[in-house]
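Only one structure is covered here, and it is reproduced in the block below.
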Amino acid sequence: MKNYLLIILLTISSVLSFSQNNNSVIAEVKNSDVSVKLHKVLEFTNFSTKPKDGNKFVVAEITLENFTEKTIAMGSEYTMSITIKDASGNEYRSGLKGAGIVSSYITKNPAYKQDQAANKLAYEEKFPAKTKAKSLLCGFEIPKDAKIVSFGVKKKNLWSTIK
């Protein structure tokens with residue numbers, strides 16, 4: 001009986017640990033209207049389109065949240081300006097190419113369950129009040145040896161160090 005109880009407790013502990021890690025935040029930028037959280041940056045090596053020589057692809061899982069009572073132009077004001085910086089100060093923006101990198105990642109990694117509604121919402125010009133959306137949102141092509149140290153929304157000059 002004690003062994004069964006121990007197994008059940010270990011299983012519950014593992015599940016709770018996984019769900020906490022899945023929602024962990026490694027960087028966050030915010031102002032009085034919006035929070036943009038970076039949960040993880042995943043290197044993407046299984047792709048049909050190759051990065052330039054010496055580069056690699058990475059994708060970022062992000063949560064956007066509107067704190068206000070009004071709609072926000074999330075796409076143009078925040079999402080399209082999400083940027084990462086390396087230790088040398090070089091900046092990398094996702095842009096349209098990044099959307100293709102994310103799409104390739106999702107196609108090649110069916111275990112990742114993308115919330116398509118949240119992804120679409122992240123680009124809305126009328127992002128609803130008091131709303132959150134989490135998805136693999138950005139893809140970047142960066143040098144293989146780049147050490148990503150900062151995350152932000154360049155247009156709003158919001159930056160955070162990555163933990």
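Out of segment 92-110, which residues are open to solvent by 30 Å² or more (accessible area, probe 1.4 Å), of a type in the set (A, V, I, L, M) and under 14 Å from the mean Cα position of the chain (by Cα)?
Across segment 92-110, the qualifying residues are Ala99, Ile106.
Every residue, every condition in (1) open to solvent by less than 70 Å² (accessible area, probe 1.4 Å); (2) in a loop (DSSP other than H, G, I, E, B); (3) acidic (Asp, Glu), yes or no:
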position	(1), (2), (3)
Val29	yes, no, no
Lys37	yes, no, no
Lys40	yes, no, no
Glu43	no, no, yes
Ser48	no, yes, no
Lys52	no, yes, no
Phe57	yes, no, no
Ile62	yes, no, no
Glu69	no, yes, yes
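For (1) more than 22 Å from Ser32 (Cα to Cα); (2) touching a residue at least 24 places away in the same chain (Cβ under 8 Å); (3) among the acidic types (Asp, Glu); (4) assigned to a helix (DSSP H, G or I), each residue gets a yes or a no:
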residue	(1), (2), (3), (4)
Gly75	no, yes, no, yes
Ser104	yes, yes, no, yes
Lys134	no, yes, no, no
Ala146	yes, yes, no, no
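Any residue that is touching a Leu at 6+ places or on another chain (Cβ under 6 Å), open to solvent by less than 10 Å² (accessible area, probe 1.4 Å) and touching a residue at least 60 places away in the same chain (Cβ under 8 Å) - is there at least one of those in segment 79-91? Please lay out each step first, then the result.
Applying the first criterion (touching a Leu at 6+ places or on another chain (Cβ under 6 Å)) to segment 79-91 yields none.
No, the conditions are met nowhere in segment 79-91.
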**Complete:** Filtering segment 149-163 down to residues that are under 16 Å from Ser88 (Cα atoms) and open to solvent by 70 Å² or more (accessible area, probe 1.4 Å) yields Trp159, Thr161
**Fill in**
The condition of being surrounded by fewer than 19 Cβ atoms within 10 Å (Cβ to Cβ), in contact (Cβ under 8 Å) with a residue 24 or more places away in the chain and of a type in the set (Lys, Arg) holds, among Lys130, Lys113, only for Lys130
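The values are calculated or read from the model by the stated rules, or taken from the named source; none is laboratory data. These numbers come from a predicted model, not from an experiment. Every residue, glycine among them, receives a Cβ derived from its backbone with ideal geometry; neighbour counts consider all protein chains shown. For accessibility, only protein heavy atoms count, side chains too; no ligands or nucleic acids. Shrake-Rupley method; radii C 1.70, N 1.55, O 1.52, S 1.80 Å.
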